[in-house]
Amino acid sequence: MVTIILWVLDRLKSLFQGLGADYSQLHAIVQVKLTMDSRRSFVSLGRYGKQSGESSNNFIRILAIYAIIGGLISFAMLGVPPKENLFLPLTLQFSYIMALCAMTLISDFSSVILDSSDNQIILPRPVSSRTLWLARVVHITSYLFAITLSLTVVSIFILASRFGAASALLFLLLSLLSAVLMVFLTNIFYLVLMKFTSEEKLREVINYFQIVMAILFYGSYQVLPRLIGSERLVSEPLAHQGWHYLVPPMWMAGATETFIQPVFDQTHLIFLVLALITPFAGLWFMNRFLTTDFTQKISSIDQDGRTTPSTLTSASAHRQNWVEQVADWFTGNSLERAAFAFTWRITSRDRKFKLKTYPQLGFGLAYVIAISFQGGGLGSGNFFYLFALYFGGIYVMVAQYQLRVSDNYRASWIYGSAPIQEPGSILSGSLKAIIIKLLVPFYALLSSYVLFRYGFDKISDVLLAFSNSLVMLLSAALLSTRTMPFSVEQDAMKQNNTARGLLISLVLAVVGFSHYGLTRIPFGVWVALPLSIALCWYLLQQYKKTAWESIEMA
Amino acid sequence: MNPDPVIQLQNLHKSYGSSLVLKGIDLSVSAGQVVGYIGPNGAGKSTTIKILMGMLPDYSGEAVVLGMDVKTQSIDIKRRVGYVPENAALYDTLTPLEYLQFIGQLYELDLAHIDRKALDLLRLFQLSDHANARMTTFSKGMRQKVLLISGLLHNPDVIFLDEPLSGLDANAVVLVKEIIRQLANDGKTIFYSSHLMDVVEKISDRIIIINQGQVIADGTFAELQHQRPESLEQLFSELTGNEGQTSVAEEFINTLKN
C-alpha cells in the first residue's frame, strides 16, 4: 500500500510544490510515517478488532468490512430507485462517507494530528512548517481515501452500470473531495477547540470528545439500518429548499445528479460549484492561514509538562482526601486501601483507559434504552428488563479486563521489588475501586431506568441482578489469569478475547434465565438475594487470598 | 579568536504563559569553542537551546546564529546546526539505517551518500550488526548512539548536545568525548549541556552557568577557579545557591530514620 500511495504522490509533485512544500522532504516524511504505521500494532485502529502480526493486514480487513457495509447500503439505496429520486439516497451516501471520515479523523487520528514526537524529531531539522503540515495532511488523507474508496467501490460500479462511466467518475471524485472537506472541517474544529481551551486541557477535551464519538459510532450501527429501512425516503423526489445549500452532503448529491439525470438547472449548478470549489478552497485556506498557527499550537502542547506543578491546586488536594475517605469505607487493610486509591486515581487520569472503557458503558446504556423503545419483539416482553440488567454486566467486565492494561506497564516492577505478602489485597482493592467507581453508578443509571419504565416493584430483581453481576465479575476475575493492575502491555491482551466473550455471554444467559425462573416463584427472588450476596462475599474473600503463585508477572 | 561570533544572544527573554523562564540572557560564542552550558533543573538551558534552534519563535530580545536572525531564517539555521536532545524520542519502529535515511532526506542529502555515511558511522559506533534491526529492542546506549549520529549526519557547523553521554558505556563515553574535542579543533562550535560537572569541567573551553533564567558565571574553568579555587561541582552549588548540601543530606538521612 505504501508504494501505491508514494506513486500517486509522485504524480502530484507539482501540486505540492505549488502549495509551497519541499517535495523531497514531504516524500520522506510520508514514506517514514506509512512505514511505521505498517509496523506498529495499530493502536489507533485497535478498537475495530484485535490485530495479529503485521497490522496492515488488519487495516485491509477493516477496509474489506467497510466495502461490504458500503456495498450493502449502496445496493439498497442506489440500485433500485429511478434516477429522478436519487437525490436523497445520494445525500445519505455522502453523509455516510463524511461521517465515517470525520469519526476516523477525530477518534483514531487525533494522535496522528496532534503527534508531538514530531516536535523532537522533525522540528530541529530544516523543514518548514508548511511542509510538515502538508505531510501530515497527506498521511491522514491517504487513509481516508482508502476508507472512502472501499466504502464507495460498489456504488461506483452500480452507478457506472446504470448511468455510465462519467457519472461514476464524478461520484468517485466527489467522494474523495468529501474526505478532503472533512480534513478541513476537522482542522477547523481542532483550532476552535484550541482557542477555547488551554493547551494543556486540549488532550483532555479531545479524549472526552472521542468517547462521545465512539458512543455515537456504536449507536449508529443501531440507527442506520432503521433509517435505510424506511421506504418513504426513496419513493418520492425531493423538492429543493434554501437550507439545502448549507448541507455539504447535499452539494455532493446534487452535483452527482447533474450527470445522472443529466440536468443543468440553476440549483444543480450551484451544488456542483459548491461541491467542487469548497474542498479546494478549504485546502487553500488551511495552507494559507492555518499551517503556522497549527504547528505552533501543537509544539506548545509539549510544554504542558512545565505548567503541571501549578495545577495541583487546593481543590485537587481536597479531592485526594476524598478518595482516601472512600477507600477507607470499602477496604479492609492498608494494602487494599492503597490499591483502591491507586486504581481510582489512575482510572480517572489514564486517557487510554477512559477511551477503552467509557464508550462501552455508554453504549451499554444506549443499547438498552434503544431496544426498550423499539416496541414489539424483545422490548415489550416481561423478560426484557432482566435481559437489560444482565446485558449491562457484559459491558462492566470490559472495565475489569482493561484494568490490567497500561501504557506504563513497565512501572509494574514496583510490585516485584516491594515486599508484598498478600498480593490478593492489591487485586481485591483495585477490583473494589472499579466496582465502586464504574459498576455502581452504571447500575444505578440502568436500574433507575428499569424502575422508572417497568415499575418500582422490580427492585428485588434489580438488587439480585446487581449481586449476580458482581458474582460473575468476581468469577471472571478468579478464572482468568490474574495479573497486577496496570502491568500488562496493550498488545499482549489480544489473545482469546472472543472465546472469553462467548463464555461470559453463555454464563450470563444461564444466570439470567435462572433469575427469570425465580420471578415465577413467589418470593423466589427475595430468597435468592441473600444467597447471591453470600456467594459474592465468599468469592471476594477467595480473590483476596490470591497468592503470588497464581499471579502472572511479566 | 574569530572576531565574528557564531552565536549571539542579547537580552533574551522568554516566558511560558505567565512564568518568565529566561530573564535577559546575553551571550557571544565564537567558532571552535566547546561551551559547557550548565545550570540547575529548570534554569532554562533547554529553552535557550530551543530558541537558538529556531524551535520557539515567540521570544523577545535578539538571537543570531551563524550571522542569521533566528526569527526570520530558522530554516537556513537548522540546515547548519545539529541537535541531540536529551532522552529524545526517535521513531523506534524503524531500523537505524532507515531512520538515518529519513533524517538525511530532511536535510536534502543524496540518498546514496546518506547510506554510505550512515553505515560508516554506525560501524564506528559498533552498531553494524544492528543496522537493520528495529530500534524497539535497542538499549538506551544504542539509541543514544543513533541519536548522536542523526544529529551530526549533515556535518553541522554548530552542535547542541544535551546530556550526550547518557546511557553510553565507558568506551563509548571516551569515544564521544574525543569526537567532541576533534570537532571543536575542526572549527565547529559545540554547545554542551550536562549535569555531570566533572565531564563539563574537562571537556569545555568555556563554562557558562545559568540560574533562574540568568547567566551567573561565564569564563574558562581557570578563570572561574581564579575567583574561587574549587572544583566545578562546588563552584556550581555555591553559585546556584545550593550550598550546605551536607546538611541537607544529613536531614534526608534523619527523615528516613523517622
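How many residues are hydrophobic (A, V, I, L, M, F, W, C) and in contact with a helix residue (DSSP H, G or I) (Cβ under 7 Å, 6 or more places away or on another chain) if we restrict to the range B:177-211?
Start the filter on the range B:177-211 by keeping residues that are hydrophobic (A, V, I, L, M, F, W, C), which leaves B:179-180, B:183-184, B:190-191, B:196-197, B:199-200, B:203, B:207-210.
Among the residues that remain, those that are also in contact with a helix residue (DSSP H, G or I) (Cβ under 7 Å, 6 or more places away or on another chain) are: B:180, B:190-191, B:197, B:200, B:203, B:207, B:209-210.
Looking only at that region, the number is 9.
Determine if the range A:221-240 includes at least one residue that is at pLDDT 60 or above, of a type outside the set (Gly, Ala, Ser) and either more than 30 Å from A:Ser161 (Cα to Cα) or assigned to a helix (DSSP H, G or I) (or both). Within the range A:221-240, not a single residue is at pLDDT 60 or above, of a type outside the set (Gly, Ala, Ser) and either more than 30 Å from A:Ser161 (Cα to Cα) or assigned to a helix (DSSP H, G or I) (or both).
Just the residues that are surrounded by fewer than 18 Cβ atoms within 10 Å (Cβ to Cβ) and under 20 Å from A:Asn119 (Cβ atoms), please, taken from the range B:47-72. Those that are surrounded by fewer than 18 Cβ atoms within 10 Å (Cβ to Cβ) and under 20 Å from A:Asn119 (Cβ atoms): B:Pro57, B:Asp58, B:Lys71.
Scan the range B:229-245 and tell me whether some residue there is under 19 Å from B:Ser28 (Cα atoms) and assigned to a helix (DSSP H, G or I). Scanning the range B:229-245, I find no residue that is under 19 Å from B:Ser28 (Cα atoms) and assigned to a helix (DSSP H, G or I), so the answer is no.
Inside the range A:290-315, residues that are more than 14 Å from chain B (Cβ to nearest Cβ), modelled with pLDDT of 60 or more and either farther than 29 Å from A:Leu174 by Cβ or more than 31 Å from the chain's Cα centre (by Cα) (or both) make up a count of 0. Pairs meeting the criteria (first residue in the range A:252-279 and modelled with pLDDT of 85 or more, second residue among the basic types (Lys, Arg) and in a helix (DSSP H, G or I), beta carbons under 6 Å, at least 6 apart or on different chains) are lacking.
Of all the numbered requirements in (1) under 21 Å from B:Ser194 (Cβ atoms); (2) within 13 Å of chain A (Cβ to nearest Cβ), B:Lys45 misses one, and that requirement is (2).
Do we find a residue being over 24 Å from B:Ile49 (Cα atoms), of a type in the set (A, V, I, L, M, F, W, C), in contact with a helix residue (DSSP H, G or I) (Cβ under 8 Å, 6 or more places away or on another chain) and more than 13 Å from chain A (Cβ to nearest Cβ) anywhere in the range B:156-173? Before you say what the answer is, go through the steps one by one.
Of the range B:156-173, the ones over 24 Å from B:Ile49 (Cα atoms) are B:169-172.
Remaining after also requiring of a type in the set (A, V, I, L, M, F, W, C): B:170, B:172.
Imposing the further condition that a residue be in contact with a helix residue (DSSP H, G or I) (Cβ under 8 Å, 6 or more places away or on another chain) reduces the set to B:172.
With the extra rule that they be more than 13 Å from chain A (Cβ to nearest Cβ), the set shrinks to B:172.
So far as the range B:156-173 goes, yes, one or more of its residues are over 24 Å from B:Ile49 (Cα atoms), of a type in the set (A, V, I, L, M, F, W, C), in contact with a helix residue (DSSP H, G or I) (Cβ under 8 Å, 6 or more places away or on another chain) and more than 13 Å from chain A (Cβ to nearest Cβ).
Of all residues in the range B:61-87 being small (Gly, Ala, Ser) and more than 9 Å from every other protein chain (Cβ to nearest Cβ), which is nearest to B:Asn155 (Cα to Cα)?
Our first condition is that a residue be small (Gly, Ala, Ser); within the range B:61-87, this holds for B:61, B:63, B:67, B:74, B:82.
Restricting the remaining residues to those that are more than 9 Å from every other protein chain (Cβ to nearest Cβ) gives B:61, B:63, B:67.
On the way: B:Gly61: 29, B:Ala63: 22, B:Gly67: 18 Å.
Here the answer is B:Gly67.
Every listed requirement among (1) modelled with pLDDT under 85; (2) within 14 Å of another protein chain (Cβ to nearest Cβ); (3) under 21 Å from the mean Cα position of the chain (by Cα) is met by A:His139 save one, (1).
Applying the selection to the range A:482-531, what residues are part of a loop (DSSP other than H, G, I, E, B), modelled with pLDDT of 75 or more and polar (S, T, N, Q)? Correct list: A:Thr483, A:Ser487.
Among the candidates B:Leu94, B:Leu100, B:Leu122, single out the residue that is closer than 20 Å to B:Gln144 by Cα, away from chain A (no Cβ under 13 Å), surrounded by 20 or more Cβ atoms within 10 Å (Cβ to Cβ) and out of contact with any Cys (no Cβ under 9 Å at 6 or more places or on another chain).
Numbers: B:Leu94 fails: away from chain A (no Cβ under 13 Å); B:Leu100 fails: away from chain A (no Cβ under 13 Å).
Answer to the selection: B:Leu122.
Residue check: A:Leu202 meets all listed conditions (1) modelled with pLDDT of 70 or more; (2) over 23 Å from A:Tyr66 (Cα atoms); (3) of a type in the set (A, V, I, L, M, F, W, C); (4) crowded, with 18+ Cβ neighbours inside 10 Å but one, namely (1).
Within the range A:9-37, can you find the residues that are away from chain B (no Cβ under 11 Å) and part of a helix (DSSP H, G or I)? Walk me through it before giving the result.
Narrowing the range A:9-37 to residues away from chain B (no Cβ under 11 Å): A:9-21, A:34.
Result: A:Leu9, A:Asp10, A:Arg11, A:Lys13, A:Ser14, A:Leu15, A:Phe16, A:Gln17, A:Gly18, A:Leu34.
Would it be correct to say that B:Ser15 is within 14 Å of chain A (Cβ to nearest Cβ), in contact with a helix residue (DSSP H, G or I) (Cβ under 9 Å, 6 or more places away or on another chain), over 25 Å from B:Lys177 (Cβ atoms) and surrounded by fewer than 23 Cβ atoms within 10 Å (Cβ to Cβ)? Considered against the rule, which asks whether it is within 14 Å of chain A (Cβ to nearest Cβ), in contact with a helix residue (DSSP H, G or I) (Cβ under 9 Å, 6 or more places away or on another chain), over 25 Å from B:Lys177 (Cβ atoms) and surrounded by fewer than 23 Cβ atoms within 10 Å (Cβ to Cβ), B:Ser15 comes out as no.
The values are calculated or read from the model by the stated rules, or taken from the named source; none is laboratory data. What you see is a predicted model; the values in this text were computed from it and never measured. Positions of Cβ are generated from backbone atoms using ideal geometry, with glycine treated the same way; all protein chains shown enter the neighbour counts.
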